[in-house]
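Only one structure is covered here, and it is reproduced in the block below.
The numbers here are math on the coordinates, done by the rules we state, and not lab data. Remember, predicted model here, so these are calculated numbers, not experimental data. All Cβ positions, even for glycine, are placed from backbone atoms using ideal geometry, and neighbour counts span all protein chains on display.
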Amino acid sequence: MFVASRRKFLRQAKAILRNKEDAEDALQNAFMSAFLRLHRFEGRSALSTWFTRVVINAALMIRRSREPAWLAPPPECN
């Protein structure tokens, strides 16, 4: 399933990151994360749906780590 849908997942990461190399990094991170956490998959959704979310989260983590500090939201004051 992962190999057959690789293009789709790469497209999703690239839509978030706007860069092919970063998208490939996100996809690699997602594969590793999914492999390490596959035992936590509860089956309440399709495996492809779950992995799509893993890919999106990996892409967002890369985007957050690379965006300039002045673009980041200000910390909340409590």
message: Could you work out the pair-distance distribution P(r) of segment 5-67 from its alpha-carbon pairs, with 10 angstrom bin width and percents rounded to whole numbers?
response: 24, 54, 20, 2
query: For Arg7, what charge total do you get from the other residues with a beta carbon under 13 Å from its beta carbon, if Lys and Arg give +1 and Asp and Glu give -1?
result: +4
query: Considering only DSSP states other than H, G, I, E and B, which GluC sites (Glu not before Pro) in segment 1-59 qualify as loop sites with at most 13 other Cβ atoms within 10 Å?
result: Glu42
task: Could you tally the net charge around Ala34, taking each other residue with its Cβ under 13 Å from the Cβ of Ala34, Lys/Arg +1 and Asp/Glu -1?
output: +4
task: Obtain the nm distance between the two label points defined at Ser5 and Arg18 by a simple spin-label model: each point lies 7 Å from its Cα along the Cα-to-C-beta direction.
output: 2.7 nm
